[in-house]
Amino acid sequence: MLTADLALARRRGDRLELLVVDKKKRDRLVEMGHALTDVFRAHRGQSREALERSYRAVDAGPREVKLRDGLIKLLLDETTFETVVDIDPERVREVVFSASTRAWRSEAFDREAVLDGAALELSVERAHLEAALFGDLRGAQTIVNVPDLSVETLITRFIDGQAQAVLLRAVQIRVRFDRLAPAGVRELYKRLRFLQLLFRVDKRDGRSYEWQIDGPLSMFQAGTRYGLKLAQLLPTLRALGPFHLDAEVRWGPTRETLSFTIDHDEPASGTKFPPALGEDATRLFEQLQESDSGWTTQLSTRMFHFPNLGVVAPDFTCAHESGFAVHVEVLGHWSRAAVWKRVEFAQSGLLEPFLFVVGEHLRVSEEVLAADSDSALCAYKRSPSVRQVVNKLNLLLKRAQGSASSPT
Amino acid sequence: MLTLRFVSGSIEIHGDVASAIALPGAARDDRSGCLRAPAVAYAAIVRALTRQKVPFVDEARHYETLALTVRASRDPRPYQTEALDAWRAAQGRGVVVLPTGAGKSHLAVMAISEKQRATLVVAPTLDLVRQWYDLLGSTFGQPVGLVGGGEHRVETLTVTTYDSAHLHMDHLGSRFGFVIFDECHHLPSGAYAHAALACLAPFRMGLSATLERTDGRDANLVGLIGPTVYRKEIGELAGEYLASYDTETIAISFSPEERAAYDEARGIYRGFIQKHHIRMGDPAGWGTFIRLSAGSAEGQEAMRAYRRQRELAFTAPAKMQYLSVLLKEHRHDQIIIFTQDNASAYRIASDFLLPVITHQTKVRERSHILKGFTARTYGAIVTSKVLNEGVDVPEASVAIIVSGSGSVREHVQRLGRILRQGEGKQALLYELVTEATAEGYVSERRRDHDAYR
């Protein structure tokens, strides 16, 4: 990952903007990319110090230093270094320094004589002894593996990495998705939980929702403590679909507060935005559409956020001809904890009618939701069946109409 | 009924929060539908709820009360007893300032023994972590945990570095009732302060010999640990509890060729910073120089010149010759040689074949070198900055500062390495300063302390 100091950004008023990588810059990136990948390949088997000297010598004009150093950082991230010496350097130092101490104490210190004596004691050539004396220092490490990256890939990573480098200095981000698929919501929620970030979701115009994301202590300290996590979130956001992101960043030596924006409308290179529904949900949705059940189905665009419990994004909504509607979320084999959370939502009485379709192996009984609940669980073995789901929908309809009966 | 939970370095208060009394440090968090406070406020929140008889379930605290017995006890010195009394009177939250060698770690052991809570010790370097690890293990005779330096083992007594504490406190912060910040002047820096905020330990102790920071952030320690509850300076303990000492500054001259090379490099560097109105004395001066020097060929030349003049002053041949004289003169003493940078340390180690400790030296080898120094297998150690703080080398009686920064703290810490009391011990600190260079000014700045008057 690029570091914040390698971002090609400039301040404009109270905003921070990434510099456009125009043709001239791109051409220089290509030239330097070729030079640097050649340098790295040519130094396989040589020392880190030699590599450092060589890549610093790659020509970069005063305004190109960040371009060069950014490419170097990305190449170093994938380079493997190891200490390769014939003799254990620690053992060599122990023998040399003990002999040297004796020589100093006897007022007979002679550097050459101490090294000759140590080489004799360790039965090694004097040159090997000197090479090993500090042979395990960082600069003496040997390059054992260099990255096998094309220049094109390297430059793509450099450009894609710019926004991520800026987000390392972010205090908080606000991300607006105009149409985030339910599967995407769950993916985002999982990633936020993994990164231990907190969020608030607000409905904006039409079908768009805004996620305000920061960390637990952000409400007390407006620092960049969560910048790394926010930067780590960016690849997930890019994989989910088009979005608009506003970030508050602390920039420059004085950590000035600036705003930073990302408008993303293309899938990350080499990937596609995920489909709206998961595999099981797609199958069930299509089967319900084809069935003659008295229920019509429509992909959902709703999202429900319950503070401290999480987010529920139904896959689709089933509407009865009477006007009664049930949101269906196919949880499949996601997680047992997620199912229990939904039971909590339902028990809290805050939801519109919901049907949660879950795999039986998650070991949550359908009966955990009381017979008078507005919502229900539907547990299945291999794949959810239309018949089971329609039965549950009818059950919820009867309950709503005040004529509940036991499931068939 | 309210419920307190520890979540990612904060305290969440769930339940009927709308009717909850005003709780210190807590605020409504709409993201999670609860009240939230930084974990440091835990003790104050519990006290407020208890005082007002509000029932609550405490699911936040995950630390144990211990039954530690001290296996090797020794009588405290009067000032250690006074310090412990002062800390206790401040509800077990506060900073104690004592000179190096005065026994700060023994004071900490007394406090751990008194409070009997799961304890986390946070120290700035791996050498100090290893030292605390050995001390706690031998004093209490039970397994000690270690987090940092490639290890992650948590026990009821655990030692960690500031770096690891900052990284891991979000999930470790509920497991200790007592936290000790050794060399606590490090704590107020932006990132490290999080370690204190995200830990709920009700009992907190800060230890330092050199509390004051040039950026004034030592004032933040009041909120992170507690107020300064006890203080003694070197002058108050020297002779009786610390070794007597002398300091000597040796002026080193350049040869005419070296002088010309120095003046030329210095002229290029100074010309650049004057042209761009960079004030190197300002906290942001160095950062500005780095930024501006990268932006032009002239700046890059200025950066090379800066490095050249520094290298000439740090390792002037006459300095190396005088170092050789001192090594001969003190051949029967135990010597620590300090440098400003690693390159100078390795150059001296290579020229004089002396053991060297820098941040690149692995823990096992550091330990071996320090043991060899104690056993007198080695008579001298070269180091850059890693031995500045806390590391206990009681045998050392001579310190030679070959190069250093203008930091008063660093200089006092380096002096402190040789002050551990020994029978008839007379400590000596030499400072080698290249004449008529920036080193003269730097040397004057760092000696601005009572210890050098």
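The values are calculated or read from the model by the stated rules, or taken from the named source; none is laboratory data. Everything numeric here is computed off the predicted structure, so don't read it as measured data. Positions of Cβ are generated from backbone atoms using ideal geometry, with glycine treated the same way; all protein chains shown enter the neighbour counts.
Here are a few things to note about the model shown:
- Those residues of segment B:10-30 which are touching a Ser or Thr at 6+ places or on another chain (Cβ under 9 Å) and not β-branched (Val, Ile, Thr), in sequence order: B:Glu12, B:His14, B:Gly15, B:Asp29
- Of the residues making up segment B:350-363, just one is part of a helix (DSSP H, G or I) and more than 8 Å from every other protein chain (Cβ to nearest Cβ), namely B:Val363.
- Taken over segment A:153-187, the criterion of being within 14 Å of chain B (Cβ to nearest Cβ) and assigned to a strand (DSSP E or B) is satisfied by A:Val171, A:Gln172, A:Ile173, A:Arg174.
- Lone unmet requirement of (1) surrounded by fewer than 20 Cβ atoms within 10 Å (Cβ to Cβ); (2) more than 8 Å from chain A (Cβ to nearest Cβ); (3) over 30 Å from B:Gly271 (Cβ atoms) for B:Leu323: (1)
- Taking segment A:231-255 as the range and being in contact with a strand residue (DSSP E or B) (Cβ under 7 Å, 6 or more places away or on another chain) and within 14 Å of another protein chain (Cβ to nearest Cβ) as the test, the residues that pass are A:Arg250, A:Trp251.
- Residue check for B:Ala195: closer than 14 Å to B:Val121 by Cα, in contact with a helix residue (DSSP H, G or I) (Cβ under 7 Å, 6 or more places away or on another chain) and either in contact (Cβ under 8 Å) with a residue 60 or more places away in the chain or among the hydrophobic types (A, V, I, L, M, F, W, C) (or both): yes
- Search result, residues across segment A:202-248 that are in contact (Cβ under 8 Å) with a residue 40 or more places away in the chain, of a type in the set (Gly, Ala, Ser) and assigned to a loop (DSSP other than H, G, I, E, B): A:Ala222, A:Gly223, A:Gly241
- In segment A:89-110, residue farthest from the other protein chains (Cβ to nearest Cβ) [restricted to those that are farther than 14 Å from B:Pro355 by Cα and not aliphatic (A, V, I, L, M)]: A:Asp110
- When we screen A:Asp315, A:Asp292 for residues that are out of contact with any helix residue (DSSP H, G or I) (no Cβ under 8 Å at 6 or more places or on another chain), of a type in the set (Asp, Glu) and either within 18 Å of A:Pro384 (Cβ to Cβ) or without any contact (Cβ under 8 Å) to a residue 40 or more places away in the chain (or both), the only hit is A:Asp292.
- 1 or more residues in contact (Cβ under 8 Å) with a residue 24 or more places away in the chain and closer than 30 Å to B:Glu329 by Cβ: qualifying helices (runs of 4 or more DSSP H) within segment A:21-129: A:89-105, A:111-122
- Every test in (1) more than 10 Å from chain B (Cβ to nearest Cβ); (2) surrounded by fewer than 18 Cβ atoms within 10 Å (Cβ to Cβ) is passed by A:Pro62 save one, and that test is (1).
- Selection of segment A:131-152 for residues being in a helix (DSSP H, G or I) and either within 33 Å of the chain's Cα centre (by Cα) or facing another protein chain (nearest Cβ under 9 Å) (or both) yields A:Leu133, A:Arg138, A:Gly139, A:Val151, A:Glu152.
- Some residue of segment B:116-130 being among the small types (Gly, Ala, Ser) and closer than 21 Å to B:Leu221 by Cα: yes
- Scope segment B:258-283; condition surrounded by 14 or more Cβ atoms within 10 Å (Cβ to Cβ) and within 13 Å of chain A (Cβ to nearest Cβ); matching residues: B:Ile278
- Looking only at residues in segment B:387-436 that are among the acidic types (Asp, Glu) and not in a loop (DSSP other than H, G, I, E, B), the one that is modelled with the highest pLDDT is B:Glu431.
- Pairing residues of segment B:161-187 that are under 25 Å from B:Val97 (Cα atoms) and within 14 Å of another protein chain (Cβ to nearest Cβ) with residues that are among the hydrophobic types (A, V, I, L, M, F, W, C) and surrounded by fewer than 21 Cβ atoms within 10 Å (Cβ to Cβ), at Cβ distances under 6 Å and at least 6 apart in sequence or on separate chains, gives B:His166/B:Ala191.
- Checking B:Ser8, B:Ser32 one by one, the residue that is surrounded by 14 or more Cβ atoms within 10 Å (Cβ to Cβ), in contact with an Asp or Glu (Cβ under 7 Å, 6 or more places away or on another chain), more than 19 Å from B:His194 (Cα to Cα) and at the interface with another protein chain (Cβ under 10 Å from one of its Cβ atoms) is B:Ser32 and no other.
- Applying the condition of being over 17 Å from B:Ala195 (Cβ atoms) and among the aliphatic types (A, V, I, L, M) to segment A:212-230 and asking which residue is nearest to the other protein chains (Cβ to nearest Cβ) yields A:Met219.
- Segment B:38-53 - residue that is touching a helix residue (DSSP H, G or I) at 6+ places or on another chain (Cβ under 8 Å) and more than 8 Å from chain A (Cβ to nearest Cβ) and, of those, farthest from A:Asp202 (Cα to Cα): B:Val40
- Some residue of segment A:262-277 being of a type in the set (Ser, Thr, Tyr), in the same structural domain as A:Phe177 (by TED's automatic domain parsing), farther than 26 Å from A:Gly359 by Cβ and at pLDDT below 90: no
- Residue list for segment A:111-120, filter: surrounded by fewer than 18 Cβ atoms within 10 Å (Cβ to Cβ) and either at pLDDT below 95 or within 13 Å of chain B (Cβ to nearest Cβ) (or both): A:Arg111, A:Glu112, A:Ala113, A:Asp116, A:Gly117
- Subset of segment B:290-309 [facing chain A (nearest Cβ under 8 Å), in a helix (DSSP H, G or I) and either within 11 Å of B:Arg266 (Cα to Cα) or not polar (S, T, N, Q) (or both)]: B:Arg291, B:Ala294, B:Ala297, B:Gly299
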